[in-house]
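**Student:** The structure that follows is given in the form of structure tokens.
The values are calculated or read from the model by the stated rules, or taken from the named source; none is laboratory data. Since we're looking at a predicted model, the values are computed, not measured. Every residue, glycine as well, gets a Cβ built from its backbone with ideal geometry; the counts of neighbours run over all protein chains shown. Ligands, DNA and RNA are excluded from the accessible area calculation, which covers all protein heavy atoms including side chains. Shrake-Rupley method; radii C 1.70, N 1.55, O 1.52, S 1.80 Å.
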Amino acid sequence: MPDDTVNTLPGVSYVMPVLNEVTHVRAAVDSLLAQDYAGPHEVTIALGPSIDGTTELVSELAALNDRIRVVDNIVGSTPAGLNLAIRESQYPIVIRVDAHSVLPPDYARIAVETMLETGADNVGGLMDAQGTTDFERAVARAYGSRVGLGGTKLHVGGEAGPAETVYLGVFRRDRLLEVGLFDEEIKRGQDWELNRRLRTAGGTVWFTPRLKVTYRPRPNLYRLARQFFSTGIWRGELARRFPASNGLRYFAPPVMVLGVAIGTLLGLAGIIQALLGGAPWLLWGFATPALYVVIVLVSAVLWGRRDGFRPFLWFLVVLPCIHFSWGVGFILGFLSLTRNITAHTGR
């Protein structure tokens, strides 16, 4: 008897914005072509103006497989690329893919099964950060710890059920079109903002721990700081635009940055007091940065030491880098002091 499974499953469109990702894009595309999903599928890559060889590599991949389609993302930003790829694709289920992600072979199958079972508008799972160097392993460990990125389900896991947002996302095309696709003015955090609109419109965003996507962290401290500074800017912008939709965890890094900065200044003022012969009570200001140092050390012992001594040492640097970059960016974004910066922070 013929197998009619392929005729009964909805088609899926993988959409992936790419910009200067020559190191990771082949693995990401290979993971899509290796999916065990039996229904029809296509891959649409929105290619930004890259200068590192990504353009040539993507063209090579498309020439080898007629299911891969490449469209030019002249703007270069992530939301613009996603919208372009969605409009150029055809199937009723849209699977967002990041160039830094590697999907397990059963990803599409499990996502579609979950969507059909729950009726959700968006289904997603866990961002499973995995590093290949000591630095990347430290970053990955920080991602997966509750003290690193806030302990949300998409980073540390949890039970299946409705969620505020999920990593990447598998969407119903009709619902994406109804709410207006991704907001192209929001260069980072656009997935959270889209999920907010889906939920506001009565839809459901569903988290399932069965979906786990391998994510490759940034390879050095400069790129990590730049990533989280940009992310913080846009999270601050979103907190200002939608104050009622933001949980308290988003305010923890900026509060920490302000506390450490103010405490350090007070402590320095206490040193001046002592030198001038006064009572150095302002030295107590150093208690705040000292407390933060203790938190970093305890966190490194609880999480950072699990991968060995060198990743442990990097963890001591990575965690403050994430916190301070994100926190400073948040403050600037929240105070709307970054209009000229946000226009150039799409990746």
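**Student:** Could you look at the chain and say what percent of its accessible area is carbon and sulfur, using a 1.4 Å probe and all protein chains?
**Tutor:** Looking at the chain in its full context, I get 61 percent from C and S.
**Student:** I would also like to ask the following. Calculated from DSSP H runs of 4 or more alone, at -39500 (n - 2.57) each and per residue, what is the 222 nm mean residue ellipticity of the chain, nearest 500?
**Tutor:** On the way: 15 runs with 174 residues, N = 347.
Value at 222 nm, helices only: -15500 deg cm²/dmol.
**Student:** So for the range 139-244, averaging the separation of alpha carbon pairs under 8 Å that are six or more residues apart and normalising by length, what relative contact order in percent results? List each step's numbers first, then the result.
**Tutor:** Details: 87 pairs, mean separation 30.8, N = 106.
Across the range 139-244, relative contact order equals 29 percent.
**Student:** Which residue, chosen from Pro104, Met256, Gln273, occupies the Cα position most advanced towards the positive end of the dipole of the chain, where the dipole is computed from +1 (Lys, Arg) and -1 (Asp, Glu) charges on Cβ about the Cα centre?
**Tutor:** Gln273
**Student:** Another one. Is there a quick way to get the dipole size of the range 30-71? I mean about its Cα centre, with the Cβ of Lys and Arg at +1 and of Asp and Glu at -1; what is the value in debye to the nearest 20?
**Tutor:** Details: 2 positive and 7 negative charges, 31 e Å.
Using Cβ point charges on Lys, Arg, Asp and Glu, the range 30-71 gives about 140 debye.
**Student:** For Leu126, what residues show an amide H to amide H distance below 5 Å, using hydrogens built from the backbone and excluding near sequence neighbours?
**Tutor:** Leu211, Lys212, Val213
**Student:** Taking only C-alpha pairs under 8 Å that are 6+ residues apart, what is the relative contact order of the range 75-209 in percent? Before the final figure, lay out each step's value.
**Tutor:** Working: 192 pairs, mean separation 46.9, N = 135.
RCO, the range 75-209: 35 percent.
**Student:** What ranking do 232-241, 147-156 get when scored by the average of other Cβ atoms within 10 Å per residue, highest first?
**Tutor:** Top of the packing list down: 232-241, 147-156.
**Student:** Does the range 38-138 come out rounded, prolate or oblate, given a ≥ b ≥ c as the square roots of the eigenvalues of its C-alpha gyration tensor, rounded meaning a/c under 1.5 and, failing that, prolate meaning a/b above b/c?
**Tutor:** Working: a/c = 1.73, a/b = 1.14, b/c = 1.52.
Cα axes put the range 38-138 in the oblate bin.
**Student:** What is the dipole size for the range 57-174, taken about its Cα centre, with +1 at each Lys and Arg Cβ and -1 at each Asp and Glu Cβ, in debye to the nearest 20? Walk me through the numbers before you get to the answer.
**Tutor:** Values: 11 positive and 15 negative charges, 26 e Å.
It comes to approximately 120 debye.
**Student:** Sort 314-322, 180-188 by the packing proxy (mean of other Cβ within 10 Å over each peptide's residues), most packed first.
**Tutor:** Working: 314-322: 21.7, 180-188: 18.6.
Result, highest mean first: 314-322, 180-188.
**Student:** Tally the DSSP beta bridges in the range 46-176 and give the antiparallel ones as a percent, rounded to 5. Provide the component values of the computation, followed by the final result.
**Tutor:** Working: 6 of 8 bridges.
The antiparallel proportion sits near 75 percent.
**Student:** Counting DSSP beta bridges with both partners in the chain, what percentage is antiparallel, nearest 5? All intermediate terms of the calculation are to be shown ahead of the outcome.
**Tutor:** Details: 10 of 33 bridges.
If we restrict to bridges inside the chain, about 30 percent are antiparallel.
**Student:** In whole Hz and in residue order, list the ³J(HN,Hα) couplings for the range 192-200 that follow from phi through the Karplus curve 6.51 cos²θ - 1.76 cosθ + 1.60, θ = phi - 60°; x for Gly and Pro.
**Tutor:** After applying 6.51 cos²θ - 1.76 cosθ + 1.60, I find 4, 5, 5, 5, 4, 5, 4, 5, 5 Hz.
**Student:** Net charge near Arg173, counting Lys/Arg +1 and Asp/Glu -1 over other residues with Cβ under 11 Å of its Cβ?
**Tutor:** Its environment carries a net charge of 0.
**Student:** In whole Hz, with x marking every Gly and Pro, tabulate ³J(HN,Hα) for the range 257-262 from phi via Karplus 6.51 cos²θ - 1.76 cosθ + 1.60, θ = phi - 60°.
**Tutor:** Computed from phi, the couplings for the range 257-262 are 4, 5, x, 5, 5, 5 Hz.
**Student:** Using alpha carbons only, how many angstrom separate the centre of the range 272-291 from the centre of the range 175-207?
**Tutor:** 48 Å
**Student:** Charges at C-beta only: +1 for Lys and Arg, -1 for Asp and Glu. How large is the resulting dipole of the chain about its Cα centre, in Debye rounded to 20?
**Tutor:** On the way: 33 positive and 31 negative charges, 273 e Å.
So the dipole magnitude of the chain works out to roughly 1300 debye.
**Student:** Follow-up question, since we're still on this one. Normalised by the residues of the chain, what does the relative contact order come to in percent, with Cα pairs under 8 Å and at least six apart? Walk me through the numbers on the way to the answer.
**Tutor:** On the way: 673 pairs, mean separation 62.2, N = 347.
Rounded, it is 18 percent for the chain.
**Student:** Gap in Å between the Cα centre of the range 119-134 and the Cα centre of the range 47-98?
**Tutor:** Cα centres, the range 47-98 to the range 119-134: 20 Å.
**Student:** Taking only protein heavy atoms into account and a 1.4 Å probe, give the accessible area per residue of the chain in Å². Please report the intermediate quantities before stating the final value.
**Tutor:** Working: 15820 Å² over 347 residues.
Accessible surface, normalised per residue, equals 46 Å².
**Student:** Still on this model: Would you kindly derive the ³J(HN,Hα) couplings of the range 53-64 from the backbone phi angles with the Karplus curve 6.51 cos²θ - 1.76 cosθ + 1.60 (θ = phi - 60°), listing them in order in whole Hz, with x for Gly and Pro?
**Tutor:** Residue by residue, the range 53-64 yields x, 4, 4, 5, 5, 4, 4, 5, 5, 5, 5, 8 Hz.
**Student:** Follow-up question, since we're still on this one. After finding the eigenvalues of the alpha carbon gyration tensor for the chain, what semi-axes result from the square roots of 5 times each, listed largest first in whole Å? Present the calculation step by step, with values, prior to reporting the outcome.
**Tutor:** Working: eigenvalues 324, 85, 79 Å².
Semi-axes, largest first: 40, 21, 20 Å.
**Student:** Let me ask you something else. Tell me the net charge near Thr54. Cut-off is 11 Å between Cβ atoms, Thr54 excluded, with +1 for each Lys or Arg and -1 for each Asp or Glu.
**Tutor:** Numbers: positive: Arg26; negative: Glu21, Asp52, Glu56, Glu60.
Charge balance near Thr54 sits at -3.
**Student:** Can I ask one more? Between beta-carbons, use under 14 Å as the cut-off and find the net charge around Pro219, counting Lys and Arg +1, Asp and Glu -1.
**Tutor:** Details: positive: Arg137, Arg216, Arg218, Arg223, Arg226; negative: Glu21, Asp52, Asp134, Glu136.
Result for the neighbourhood of Pro219: +1.
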